[in-house]
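First up is the structure itself, then whatever we jot down about it.
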Amino acid sequence: MDKIILEGGVPLNGTVAVSGSKNAALPLMAASLITPGRHVLHNVPDLRDTRTMLKVLETLGTRWSREGGTVYLDTSELTGAEAPYELVKTMRASVLVLGPLLARVGLARVSLPGGCAIGARPINYHVRGFEQLGVKTVLEKGYVEASAQGRLQGNVVYFDNPTVTGTENLLMASVTASGTTVIKNAAREPEVGNLIDMLVSMGAEIEGRDSDRLTVHGVERLAEAEATIIPDRIEAGTYLIAAAAAGGEVTVQGCIPDHLPSLVEKLRGTGIQIKEHDTSFTVTSPGWTEGSRNLRSVDIRTMPYPGFPTDLQAQFMALMTTAEGVSVIHETIFENRFMHVAELQRMGADIKIDGCTAIVTGKKRGELCGAPVMATDLRASASLVIAGLAAEGITEISRIYHLERGYENMAEKMRKLGARIKVVRE
């Protein structure tokens, strides 16, 4: 099994570039199915998840090629409308082909999704939304079978809770629906905005970008697309937290600082310095001094955007294991997103769980030690890297395929910052 081996206690210094956003690339890739043609996407990260999405699209008849960060998608021929279990089980975002297929042919059969084991994350919001547009759905033998007679019909769709993939799926389904669709309590994440920009460039009529109320005036057809994936705000946030944990001075470039307002506020609350530029951050962290940390504990509560991202909760918890005092971390998005706690405890972290709340008491230098640990999901694996950077000794992280689902060349990027880290392939 492939693993990462790293030695902690080494400050990070230098510049690291952020890749394109995984969570933006996947829906934009799926959106290419809405209309036949040749589509071009720039700044697509080369990850396990983007490669899986390409396989899903290929199964549906898409021909594709890649040159660096640019992916060319030819969706002129649609040879199927089914995303099989063998592919969907490895990545939940495969469900994003439902909306485009319904928009194009009024038919889709997609396996119930798999991916990270961080909670149920049911797709009932997607299904209810599609039904509001006149789609008939059946859940049978592990598949969602959806069909509609003729064009979908615009309607009002309300989400009980904001859902990113649900909002994206309904957007893609409704752009060619008859009449007007209003999505209430829609997700406002930047990745949704990136998708809206692409759809609008294709001829869609969408109002309300960056708000929780989206209005879609259906058009008969869309045109070919050329779009650019936004920088990955979660990757940028992960490197900010890593620099805070390891100490040193790091510039995170090629990002959009406005996409991380809550994280920046919380990091400044710990006492580190962060300078914001047009497309970069520079973070300066004191690291260890005389056996103790110069960082203060702060509390966080995960919330939909622009609140604190659930995708950075595990990484921030790793940082808090080394801060002075006690921090309280409330997870409100996913009910099973504390699976990394047991692995952090193996390294000496003092963390107590009470339902959806984690109470973290920071450790002094030498009390957090390297150990063999196992990644349980994508963001948990990043938290173990951060903990390993701050710990004394050697940390071995197994099951790093989780990490490679969402971080492009993390070990190489960390090594350029001075981290003593390597990937061992078995």
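The values are calculated or read from the model by the stated rules, or taken from the named source; none is laboratory data. Model, not experiment: these values are computed from the prediction. Because the Cβ atoms are built from the backbone with ideal geometry, glycine has one as well, and the counts that use them run over all protein chains shown.
What to note about this one:
- Filter result for Ser383 (buried (at least 21 other Cβ atoms within 10 Å of the Cβ), assigned by TED's automatic domain parsing to the domain that holds Gly271 and hydroxyl-bearing (Ser, Thr, Tyr)): yes
- The one condition in (1) part of a loop (DSSP other than H, G, I, E, B); (2) closer than 25 Å to Gln153 by Cα; (3) modelled with pLDDT of 95 or more that Arg104 fails to fulfil: (1)
- Among the candidates Thr215, Thr176, Thr181, residue that is crowded, with 24+ Cβ neighbours inside 10 Å, modelled with pLDDT of 95 or more and more than 29 Å from Arg405 (Cβ to Cβ): Thr181
- Filter pass, Glu249 being out of contact with any strand residue (DSSP E or B) (no Cβ under 6 Å at 6 or more places or on another chain), assigned by TED's automatic domain parsing to the domain that holds Met317 and not small (Gly, Ala, Ser): no
- Failed criterion for Lys89 (all others in (1) surrounded by 18 or more Cβ atoms within 10 Å (Cβ to Cβ); (2) within 16 Å of Tyr143 (Cβ to Cβ) hold): (1)
- The residues listed here are Glu191, Glu207, Glu224; of these, the one that is over 20 Å from Leu267 (Cα atoms), of a type in the set (D, E, K, R) and crowded, with 24+ Cβ neighbours inside 10 Å is Glu191.
- For segment 38-45, the condition holds for no residue, the condition being that it is out of contact with any Ser or Thr (no Cβ under 9 Å at 6 or more places or on another chain), buried (at least 24 other Cβ atoms within 10 Å of the Cβ), of a type in the set (A, V, I, L, M, F, W, C) and at negative phi.
Every residue, every condition in (1) within 20 Å of the chain's Cα centre (by Cα); (2) farther than 25 Å from Val164 by Cβ, yes or no:
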{"residue": "Leu214", "(1), (2)": "no, no"}
{"residue": "Gly218", "(1), (2)": "no, no"}
{"residue": "Cys255", "(1), (2)": "yes, no"}
{"residue": "Leu263", "(1), (2)": "yes, no"}
{"residue": "Thr282", "(1), (2)": "no, yes"}
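- Filter result (hydroxyl-bearing (Ser, Thr, Tyr) and touching a strand residue (DSSP E or B) at 6+ places or on another chain (Cβ under 9 Å)) within segment 347-394: Thr357, Thr361, Ser381
- Just one of the listed residues (Val264, Val283, Val219) is in contact with an Asp or Glu (Cβ under 8 Å, 6 or more places away or on another chain), of a type in the set (A, V, I, L, M, F, W, C) and assigned by TED's automatic domain parsing to the domain that holds Gly154, and it is Val219.
- Sole residue being polar (S, T, N, Q) and modelled with pLDDT under 95, chosen from Thr357, Thr321, Thr332, Thr361: Thr332
- Selection within segment 122-175: residues that are of a type in the set (Val, Ile, Thr) and part of a strand (DSSP E or B). The member of this set that is farthest from Ala83 (Cα to Cα) is Val156.
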